[in-house]
1. In the chain, if the dipole is taken from +1 on Lys/Arg beta carbons and -1 on Asp/Glu beta carbons about the Cα centre, which of Q202, P27, T93 is farthest to the positive end?
2. Please list, in order along region 49-56, the HN-Hα scalar couplings obtained from phi with the Karplus expression 6.51 cos²θ - 1.76 cosθ + 1.60 (θ = phi - 60°), rounded to whole Hz, x for Gly and Pro.
3. Using Cα pairs under 8 angstrom and six or more residues apart, how large is the relative contact order of the chain, in percent?
4. Using the heavy atoms of the protein chains and a 1.4 angstrom probe, tell me the accessible area per residue for the chain in square angstrom.
5. FRET efficiency for I233 and Q160, Cβ-Cβ distance as r, R0 = 25 Å, nearest 0.05?
6. At a 1.4 Å probe, what is the % contribution of carbon and sulfur to the accessible area of region 125-241?
7. Across region 93-241, what fraction of all alpha-carbon pairs, as a whole percent, falls in each successive 10 Å bin from zero upward?
8. For L181, enumerate residues with amide H under 5 Å from its amide H, sequence gap 5+ or separate chain, H modeled in the peptide plane.
Amino acid sequence: MSARRLLMVLPMTEPSTRLDPLNSPYPVPWTWVMTMVTENPAQRSPILRYYRSPSLVSPDGCYAAYSRIQLRIQPDPTQTQVASVLFLENLKTGALQVITASSPLADNPFVSGDEAEHPGSIAMIIPIAWSKAGDRILAREFESLFGTGLASDYAVVWDQHQSQAHTIAPTPVNYSNAILLGWSQSDPDRVLFRAGHMGEEQWPVWAVNLHGQTVEADVGDRPVVFGELVNNIWTGPQAYR
């Protein structure tokens, strides 16, 4: 088991060291998705693959958040679907709580029927940060469609006091792609996004609160994340059928 990151302040221009469609500082397992899709032999029925993210342990060590991603590979690659669900585990009792996004392509593959509700959709949620007090979890919801250039992030914030999940993105800002950066250092009740259009050199940074209210981030603001990222023996690709 290995662990890293109790607190990190990210510079606005930090590049990703792993392959990610949006070059996010919190990469989704894109290499695994592409490998599974391209190496899959010809088949007539869907094939399922699964992936588990590392666990993000709260600053007080009481909770861990992790996601499980389901890849449903179809004979027609443009109909292949990636869906996911976020789990919040009480490390003292072992109790699990399921957290899902309410963004356009979000779907819980572990409670839905056999047929994919959004063929060709990509919806991957991964935990990226706890709040400093450990009472809120911030997750990245990456959404896209196979065979298109569409791709953008949403933020999913679970508030333990309210027992409620909020799915937010910059609005009514005009952009084609948004990248979730982390909590706002200037205002802990907001999260930061970089959003703009492909081809533009400079993308502004926006601060968004839990109600979706969006303002341009302060010049000196920086994204911050809290928590301990733990890689367990079951992290990564899992058994499949």
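1. Of the options given, the answer is T93.
2. 10, 10, 9, 10, 6, x, 8, 10
3. That works out to 22 percent.
4. Counting only protein heavy atoms, the per-residue value for the chain is 48 Å².
5. For I233 and Q160, the calculated efficiency is 0.35.
6. The computed percentage sits at 51.
7. In whole percents, the pair-distance histogram is 10, 36, 35, 16, 2.
8. Counting only residues 5 or more places away or on other chains, the set is L192, F193, R194.
The values are calculated or read from the model by the stated rules, or taken from the named source; none is laboratory data. Since this is a predicted model, take the numbers as computed values, not measurements. Counting neighbours? That spans all protein chains shown, and the Cβs are built from the backbone with ideal geometry, glycine included. SASA here: full protein model, heavy atoms, side chains in, ligands and nucleic acids out. Shrake-Rupley method; radii C 1.70, N 1.55, O 1.52, S 1.80 Å.
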